[in-house]
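These notes concern the structure reproduced below.
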Amino acid sequence: MSAADPSQIQKAREVFFARKGLPVDQIGHSILRSWIRCADMGLDERAPPAIDAPSASEIRLLHEKHEALRRISRPELDALYSEAREISGIVILTNARGEILDAVGDPGFADKAAQVALRPGILWSEDGTGTNAIGTALAERRAVVVNGGEHYFQSHQVLTCSATPIIDPRGATIGVLDISVPASQQSGHVLGMVRMAVEQIEHRLFRNGFDGCRTLRFQTDPNLLGAAREGILVLKDGIVVAANRRGLSLVGRTWEGLDQLHVEDIFDTNAAHLASGRLKGQDGREFFAQFDGEAKGTSQPVVPQQSLEDIELSSIRQALAAHGGNVSAAARHLGIHRSTIYRRMDLT
């Protein structure tokens with residue numbers, strides 16, 4: 001059985017909350033780690049979590065403080081709005097603490113969600129709200145799905161939530177994007193949509209460049225240059241000072257290497273000879289590269305900014321091509337539902 005099976009989750013709860021042991025074979029490891037953290041904090045899973053509802057003026061101040069994050073995430077919230085409505089869910093944006101900044105989607109479910117405090121200004125970190133996709137994504141620094149009874153508090157078992165942290169170019173978590181739906185709703189494709197949206201938000205963080213630095217965009221496939229799936233490294237005097245997740249993954253590095261990682265450690269050349277075109281990695285792989293401002297004799301960034309819809313369509317087309325037009329295989333590859341591909345591509 002999968003960890004999302006309700007009966008399996010209930011068995012895991014009975015074992016864990018009766019202190020009969022750790023249900024390591026009955027529940028996902030990230031969920032179990034979260035339960036342990038919440039228990040260590042003394043949270044009572046049977047009691048309703050204490051909710052400190054903010055005033056209208058406090059919400060206004062919260063919005064003003066995080067206006068930049070809200071603005072840069074707005075295209076994704078707008079794009080996911082219709083998706084959320086179709087699955088009776090809501091899209092949620094939080095700050096790095098887990099405070100909800102925006103919640104949009106199905107009006108009927110939004111009213112129900114508000115009853116369990118899924119509304120602007122409410123804090124959804126683990127220490128206050130137990131195991132939940134927003135708080136656990138923040139704690140784990142990774143994408144998380146929390147299904148029904150996997151939530152720590154019993155009152156939250158009406159929800160299934162899928163969340164991904166938003167990471168800035170220096171590796172700091174600046175927020176979370178989440179889609180929450182009724183626990184009875186099928187939502188296996190939702191996390192894929194959230195991940196794609198967060199990838200686009202993070203990509204947009206590099207839009208304006210960095211003072212005194214050069215921004216290198218690279219990929220093994222030249223068609224991905226300019227898309228959210230390109231790797232990005234920001235260089236200052238030949239040292240990597242910022243990056244996106246894709247860029248670090250392509251060169252096999254982590255955030256901990258920032259400010260210490262030299263160009264010569266990654267590519268078979270030194271900083272003085274780095275230029276747009278082709279780069280060879282120290283492992284022998286070839287990359288297609290583009291420095292912002294080096295193409296066509298212009299000093300302006302030449303990488304086009306694509307909308308979420310453009311990125312999704314491009315990704316779907318590539319997945320369909322890779323799987324010979326097999327919609328089911330392409331959907332599994334992308335982590336989305338087949339109906340999303342049919343809808344996006346207008347297939348019949």
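The values are calculated or read from the model by the stated rules, or taken from the named source; none is laboratory data. Just so you know, these numbers come straight off a predicted model, no measurement behind them. Neighbour counts run over all protein chains shown; Cβ positions are idealised from the backbone, glycine included.
Can you find a residue that is at pLDDT below 90, surrounded by fewer than 20 Cβ atoms within 10 Å (Cβ to Cβ) and farther than 25 Å from residue 69 by Cβ anywhere in region 285-293? Walk me through it before giving the result.
The first filter runs over region 285-293 and keeps only residues at pLDDT below 90, leaving 292-293.
Still in the list and also surrounded by fewer than 20 Cβ atoms within 10 Å (Cβ to Cβ): 293.
Those left that are additionally farther than 25 Å from residue 69 by Cβ: 293.
Yes, there is a match, as at least one residue in region 285-293 is at pLDDT below 90, surrounded by fewer than 20 Cβ atoms within 10 Å (Cβ to Cβ) and farther than 25 Å from residue 69 by Cβ.
Can you go through 277, 281, 252 and tell me which one is in contact (Cβ under 8 Å) with a residue 24 or more places away in the chain and at positive phi? Explain how you work it out, then say what you get.
Details: 277 fails: in contact (Cβ under 8 Å) with a residue 24 or more places away in the chain; 281 fails: at positive phi.
Selected residue: 252, the only one of 277, 281, 252 that is in contact (Cβ under 8 Å) with a residue 24 or more places away in the chain and at positive phi.
Residue-wise test of (1) assigned to a strand (DSSP E or B); (2) over 21 Å from the mean Cα position of the chain (by Cα).
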{"position": "192", "(1), (2)": "no, no"}
{"position": "195", "(1), (2)": "no, no"}
{"position": "200", "(1), (2)": "no, no"}
{"position": "206", "(1), (2)": "no, no"}
{"position": "223", "(1), (2)": "no, yes"}
{"position": "228", "(1), (2)": "no, no"}
{"position": "233", "(1), (2)": "yes, no"}
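Which numbered condition in (1) in a helix (DSSP H, G or I); (2) basic (Lys, Arg); (3) at pLDDT 90 or above is the only one that residue 97 fails?
Of (1) in a helix (DSSP H, G or I); (2) basic (Lys, Arg); (3) at pLDDT 90 or above, only one is false for residue 97: (1).
State which residue pairs qualify: first residue under 20 Å from residue 5 (Cβ atoms) and surrounded by fewer than 20 Cβ atoms within 10 Å (Cβ to Cβ) and inside region 137-164, second residue of a type in the set (Ser, Thr, Tyr) and modelled with pLDDT under 95 in any location, beta carbons under 7 Å apart, and separation of 6 or more residues or different chains.
Short answer, once both residue conditions are applied: 148/160.
Of (1) free of Cβ contacts under 8 Å to residues at least 40 places away in the same chain; (2) in contact with a Ser or Thr (Cβ under 7 Å, 6 or more places away or on another chain), residue 93 satisfies all except one. Which?
Against the list (1) free of Cβ contacts under 8 Å to residues at least 40 places away in the same chain; (2) in contact with a Ser or Thr (Cβ under 7 Å, 6 or more places away or on another chain), residue 93 comes up short only on (1).
Is there a residue being part of a helix (DSSP H, G or I) and modelled with pLDDT of 95 or more anywhere in region 164-173? Show your work before the answer.
Pass one, region 164-173, residues part of a helix (DSSP H, G or I): none.
Within region 164-173, not a single residue is part of a helix (DSSP H, G or I) and modelled with pLDDT of 95 or more.
Just checking, which of 209, 231 is small (Gly, Ala, Ser), farther than 28 Å from residue 98 by Cβ and in contact with a Pro (Cβ under 8 Å, 6 or more places away or on another chain)? Before the answer, list the steps.
Details: 231 fails: in contact with a Pro (Cβ under 8 Å, 6 or more places away or on another chain).
Step by step, each of 209, 231 is checked, and only 209 is small (Gly, Ala, Ser), farther than 28 Å from residue 98 by Cβ and in contact with a Pro (Cβ under 8 Å, 6 or more places away or on another chain).
If residue 176 satisfies every condition in (1) more than 29 Å from residue 33 (Cα to Cα); (2) out of contact with any His (no Cβ under 9 Å at 6 or more places or on another chain); (3) not in a loop (DSSP other than H, G, I, E, B) but one, which is the exception?
(1)
Quick check on residue 34: is it within 29 Å of residue 15 (Cα to Cα), modelled with pLDDT of 95 or more and either in a loop (DSSP other than H, G, I, E, B) or hydroxyl-bearing (Ser, Thr, Tyr) (or both)?
The answer is yes for residue 34.
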